[in-house]
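Below is one structure; the comments refer to it alone.
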Amino acid sequence: MTNYGKIHSYDTAKGAGMITPDKGGDALPFNKTDLQQQAQEPRTNQRYGYDTRQVDGGKAHATNLQMEQGNSGSGSKQQS
């Protein structure tokens, strides 16, 4: 099942970040390897679809992150 959320933070040096679920709850960690578009760095408040998996004793981790279509942030700069 695909979930949706917005990027809370992303550290380019570590290649790791957090995504906040739209449905509420704690932000979930993810790594650059979990991104479908690895060539593109995620930015704060971009909306992504993702799956979850259990790691480290049952903690949720976001995986298979894919930027929602029409929310790339490139092209027109209507929002600031």
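For the chain, the share of DSSP beta bridges that are antiparallel, to the nearest 5, is 95%. Between residue 45 and residue 69, the modelled label-to-label distance comes to 2.4 nm, taking each label 7 Å out from Cα in the direction of the beta carbon. Only aspartates and glutamates eight or more places from residue 14 in sequence, or on another chain, were considered; those with a Cα closer than 13 Å are 41. The length gained by stretching the chain between residue 36 and residue 2 to full extension, at 0.36 nm per residue less their Cα-Cα distance, is 10.9 nm. For the chain, the Cβ-based charge dipole about the Cα centre amounts to some 140 debye (Lys, Arg positive; Asp, Glu negative; other atoms uncharged). A full extension of the chain between residue 26 and residue 11 corresponds to an added length of 3.6 nm, given 0.36 nm per residue minus the alpha carbon distance.
When the chain is treated as a GNM with alpha-carbon contacts under 10 Å, the residue of 15, 58, 49 showing the greatest mean-square fluctuation is 58.
Each reported figure results from applying straightforward, stated rules to the coordinates on display, with no laboratory input. As the structure is a computational prediction, the values presented were derived from the model and not from experiment. All Cβ positions, glycine included, derive from the backbone under ideal geometry; neighbour counts span all protein chains shown.
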